[in-house]
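Structure, as structure tokens:
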């Protein structure tokens, strides 16, 4: 599923033309099917801390080709910059400058990951150094070529570098599952979570609900979670019943036709789950709609449904599921769908952005609510994803939207799904209240 | 069966039976009927005492099947009595087309038809057909007579008798070939004759004026397509041009083609759902003609005690036009 | 099996249908097989039947193309069910899928099968168009020809008139009257008023709309081709709107003094499909499926409408008392009545017949009247006037709807609930079924 422009620039004459005109030449992003290995080697671990040694050992244990210097390496698959012990901005240079000489040797689809600690508002020099890593990483991501990405893991003080959440985030960023995630920093705030037993089926034994599952990103999420071993409950409005039934038949999932905005939707969902004897371990709140209009032309019939579907339904559904007391499994994981529009705003999307920004704040609060249950709540914020919905955008708008990111192309539904699968896994137990962008480092927002 | 008329019986000449080698073909008979014959106008008309007989005619299974299907019934091994009628009809028509027959075949009006069937007839059976004309009597509008066909089994037993009552217009006056000849063997073509027919079928025939017809609640509706006449002709052989098409009907003075009377009668018989394995009587009287294409409303009434099913057919009234009765069909299953 | 002498229970486990569409609407160009496959797909998904080998699938269509010889089989092969699941095609006009339910029920009760699906489908948008009998004979001759010459000779007999298609017959073959005209006569005979009919139609729309709003159909209907509710449903219908419609049936009959049957109180031609999952108690328990109701008994009847002895659609008026007597029930012992609304006046004529001393004495041979029913228990989730009526799909709709109603009410009240389904069918036939709730 590549757009026409990308196909054109990948052809020999198209590529030459694009180069001459200085047009963006998007690279093919390797995804899990293209690159199943968890780590693209050789992997260079930079940094002299004990943490760096720990990470290097870990990678060796995974069977990776681990180096501590670039030396004469012609091709570099992955680079991990361990900056957990920097104390002043001057510590940054010696740590990251060696990477500069290696930039041209990065393989297509290479990975650069920083491991650092977030500023905590105590030590000015240390915070400046810690904050500096974020700026470095975001800029580096813009300089990556050939489908390579750069992301950072922020490990709260007190959380060890080998905590499940850190390892999980590292593995996610190193893998091809994070193909469309770049320029992002993900915070691991607790030691919670556990290593998955079976890497090929990280969600084995878990039951996952996906709302808005019949089409597009929702269907991709359901398929990915099912491929990762989860038993699926797929939910969508009755109008999408045929697609939902087809998906359910494909995944041997339980279909539930329900308008999540209808009165008593939560109770009805609980009723069906009880009737079927199901407890949910993973809840993916994906159902969403757009009704774009400039605020000057905005009416209640465009505003209300967007808020009702995109955020209010998430609140009522999760509330009903928690209140029921018997339909959630241990360590429940809620992953909600936000949007880059919710972060940066978007012209004509005051309603949508309000709902999606609401989601971002909602998951943070919900994470607290789920903590006593051993659960987490997080969100993913997709940027431009190639779906039926975006296919209906005006051609020029769509073309611009595709290119304004570091990877110079739109993402695929699978990219969102992979991120959700990761946040649903046991490994991600230490990640709570986060919103992870899946946007190819869209040029908007913070 | 009605006995022959006391009025005419004594005058009758001894019967001369003429054996035909085969059932005559309709076109030949109709062609003969168009041949003007002058010898009939002198004196009081007398029916010929000649009888026609065709021996060992096979009841054709395919024809019986097509007949059944056209009437909307299942093809059965027991023959629809309408098949017996169409088997005998050309024979009696040939008799009426003879030079010594006193009336023009063209212009005869079929008023009534009564069939008494004593036993069921199976397809493939061999039967003899005998035809006679009899019972000439005066009528308000002219004279009526009966064409009687007898169907006999191989051992000479009478299987069925088919009595068709015809009206020849003109009273005691000498009948002449009309300027616009209506070759009608099944229905009428003018209000006058319709009245005559109605009067005949009513108990006190002879009073002039139209009796208002009150349509009962219909139990069915027949939509008769333009080709209904041609389709009946295909199974009956009766290619009388007034039934075949509007064009051919016009040539004989009809604005539109009209349905064969025995078609509507046979269809009513089929829909009466009687037990063909039992002796039965099938009485039909015709009133207004049914134009083609056309729609006829029908009302069936079952009198279970009497074993009689009555079917009245009429065309619906429209606007100021009141409904017009077209036919009455009565089928009675007889004991035994 | 069981220690009782009576056969084991045949249980209704659930159902699935697609929304019913108006003929020529969103399902135009969609075949019977497509529609039935969609309904079965949804059923398989809802109950996790992927790869299941069921005892039998009984299905049918009324307007069936000659090529759809094995319609049910072909449809089933398009689903994720085990392809070794046998099927049977059945047909009984509008009662088709009620009869398939009875068929599967009987098989289960006799122990011949443990599970099955009863289903039905019809598309008035894709109804068969025949060729003339003459053309058919010519084509048969041509197909049978051994040489090209013979074939050409056969084809040369084709006349332009032969090529005119024969439109679907609009009326009872034996009377030539359409169903609506027949019912118009019955309506007049029973003195059913326009007001009564419009009120029944309005109730049907209101009840169906309320049931959809309450999510009642969320696990009975699977959206299809953009429809999530029955297309014919007019939630905003009013008596005024219904009252403004012109009568369409009985307008030409002098016997019908005041024609009262309109497009609003008669069902429209529709497209749709329905299915019902059934099984033995053991089979259901093994799969964790919760039974909704059991099939208690069924009857069918026919009336002699041909010569006007009885109204074309009055057969259920005869079948129901027989069913009730056999089960020692009075008409008032039932908690729900699902009486198929072929026309509003069909329902009302039937109810009036049961209230008529004369009818009950002379026609049914009973001492007293069957009596009135509590109208609040009639078609409580709407019926054919609002939902539409794809002939062979209506029985399945009624069975699944009633089974769910019975189960829900039984759960609420803790008492066994009984419901009646009555469907009139073309050619003077009728089929009725008695269901009883099964609670946990």
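If you check residue B:272 against the conditions, is it within 24 Å of residue B:164 (Cβ to Cβ), more than 17 Å from the chain's Cα centre (by Cα) and within 14 Å of another protein chain (Cβ to nearest Cβ)?
It is true that residue B:272 is within 24 Å of residue B:164 (Cβ to Cβ), more than 17 Å from the chain's Cα centre (by Cα) and within 14 Å of another protein chain (Cβ to nearest Cβ).
Please tell me if residue A:347 is on the phi < 0 side of the Ramachandran plot, in a helix (DSSP H, G or I) and modelled with pLDDT under 95.
Against the criterion (on the phi < 0 side of the Ramachandran plot, in a helix (DSSP H, G or I) and modelled with pLDDT under 95), residue A:347 does not qualify.
When you scan the range B:279-320, how many residues do you find that are within 13 Å of chain C (Cβ to nearest Cβ), surrounded by 17 or more Cβ atoms within 10 Å (Cβ to Cβ) and closer than 21 Å to residue B:113 by Cβ?
13
Would you say residue C:161 is in contact with a strand residue (DSSP E or B) (Cβ under 7 Å, 6 or more places away or on another chain), farther than 29 Å from residue C:316 by Cα, assigned to a helix (DSSP H, G or I) and within 14 Å of another protein chain (Cβ to nearest Cβ)? I'd like the intermediate steps shown before the answer.
Details: in contact with a strand residue (DSSP E or B) (Cβ under 7 Å, 6 or more places away or on another chain): no; farther than 29 Å from residue C:316 by Cα: yes; assigned to a helix (DSSP H, G or I): yes; within 14 Å of another protein chain (Cβ to nearest Cβ): yes.
Answer is no for this residue.
Which numbered condition in (1) more than 8 Å from chain C (Cβ to nearest Cβ); (2) in contact with a helix residue (DSSP H, G or I) (Cβ under 8 Å, 6 or more places away or on another chain); (3) at negative phi; (4) assigned to a loop (DSSP other than H, G, I, E, B) is the only one that residue A:193 fails?
(3)
Is at least one residue of the range C:176-199 surrounded by fewer than 18 Cβ atoms within 10 Å (Cβ to Cβ), within 20 Å of residue C:269 (Cβ to Cβ) and more than 14 Å from chain A (Cβ to nearest Cβ)?
Checking the range C:176-199: at least one residue is surrounded by fewer than 18 Cβ atoms within 10 Å (Cβ to Cβ), within 20 Å of residue C:269 (Cβ to Cβ) and more than 14 Å from chain A (Cβ to nearest Cβ).
Testing residue A:150 on (1) in the same structural domain as residue A:80 (by TED's automatic domain parsing); (2) touching a strand residue (DSSP E or B) at 6+ places or on another chain (Cβ under 7 Å); (3) surrounded by fewer than 24 Cβ atoms within 10 Å (Cβ to Cβ); (4) without any contact (Cβ under 8 Å) to a residue 40 or more places away in the chain, one condition comes back false. Which one is that?
It is condition (3) that residue A:150 fails.
So, restricting to strands (runs of 3 or more DSSP E) that lie completely within the range C:206-324, which ones have at least 3 residues that are within 18 Å of the chain's Cα centre (by Cα) and in contact (Cβ under 8 Å) with a residue 40 or more places away in the chain?
Answer list for the range C:206-324: C:270-279, C:293-302.
Anything in the range C:114-141 that is assigned to a strand (DSSP E or B) and in contact with a helix residue (DSSP H, G or I) (Cβ under 7 Å, 6 or more places away or on another chain)? List them, or say none. Even if it seems obvious, please write down each step before you answer.
Of the range C:114-141, the ones assigned to a strand (DSSP E or B) are C:115-123, C:130.
Those that are assigned to a strand (DSSP E or B) and in contact with a helix residue (DSSP H, G or I) (Cβ under 7 Å, 6 or more places away or on another chain): C:115, C:116, C:117, C:118, C:119, C:120, C:121, C:122, C:123.
(1) in a helix (DSSP H, G or I); (2) modelled with pLDDT under 85; (3) surrounded by fewer than 18 Cβ atoms within 10 Å (Cβ to Cβ): which one isn't true of residue C:146, the others all being true?
Residue C:146 satisfies all of (1) in a helix (DSSP H, G or I); (2) modelled with pLDDT under 85; (3) surrounded by fewer than 18 Cβ atoms within 10 Å (Cβ to Cβ) except (1).
Can you give me the number of residues within the range A:184-205 that are surrounded by fewer than 24 Cβ atoms within 10 Å (Cβ to Cβ) and touching a strand residue (DSSP E or B) at 6+ places or on another chain (Cβ under 7 Å)?
2
To keep it simple, each residue is scored yes or no on (1) touching a strand residue (DSSP E or B) at 6+ places or on another chain (Cβ under 9 Å); (2) closer than 29 Å to residue C:172 by Cβ.
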| site | (1), (2) |
| --- | --- |
| C:381 | yes, no |
| C:406 | yes, no |
| C:412 | no, no |
| C:427 | yes, yes |
| C:434 | yes, yes |
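Only one residue in C:432, C:347, C:423, C:380 is in contact (Cβ under 8 Å) with a residue 12 or more places away in the chain and more than 17 Å from residue C:303 (Cβ to Cβ), so which one is that?
Exactly one of C:432, C:347, C:423, C:380 is in contact (Cβ under 8 Å) with a residue 12 or more places away in the chain and more than 17 Å from residue C:303 (Cβ to Cβ), namely C:380.
Are any of the residues in the range C:35-46 more than 14 Å from every other protein chain (Cβ to nearest Cβ) and surrounded by fewer than 24 Cβ atoms within 10 Å (Cβ to Cβ)? Can you show your working first?
Quick first cut of the range C:35-46, residues more than 14 Å from every other protein chain (Cβ to nearest Cβ) only: none.
No, because not a single residue in the range C:35-46 is more than 14 Å from every other protein chain (Cβ to nearest Cβ) and surrounded by fewer than 24 Cβ atoms within 10 Å (Cβ to Cβ).
From C:71, C:110, C:98, grab the single residue that is under 24 Å from residue C:427 (Cα atoms), more than 15 Å from the chain's Cα centre (by Cα) and more than 14 Å from chain A (Cβ to nearest Cβ).
C:71
Does residue C:253 meet the test of being closer than 30 Å to residue C:191 by Cβ and surrounded by 17 or more Cβ atoms within 10 Å (Cβ to Cβ)?
Against the criterion (closer than 30 Å to residue C:191 by Cβ and surrounded by 17 or more Cβ atoms within 10 Å (Cβ to Cβ)), residue C:253 qualifies.
Report yes if some residue within the range C:390-404 is more than 16 Å from the chain's Cα centre (by Cα), surrounded by 24 or more Cβ atoms within 10 Å (Cβ to Cβ) and part of a helix (DSSP H, G or I); otherwise report no.
Checking the range C:390-404: not a single residue is more than 16 Å from the chain's Cα centre (by Cα), surrounded by 24 or more Cβ atoms within 10 Å (Cβ to Cβ) and part of a helix (DSSP H, G or I).
The values are calculated or read from the model by the stated rules, or taken from the named source; none is laboratory data. Remember, predicted model here, so these are calculated numbers, not experimental data. In this analysis, Cβ positions are derived from the backbone assuming ideal geometry, glycine residues included, and neighbour counts consider all displayed protein chains.
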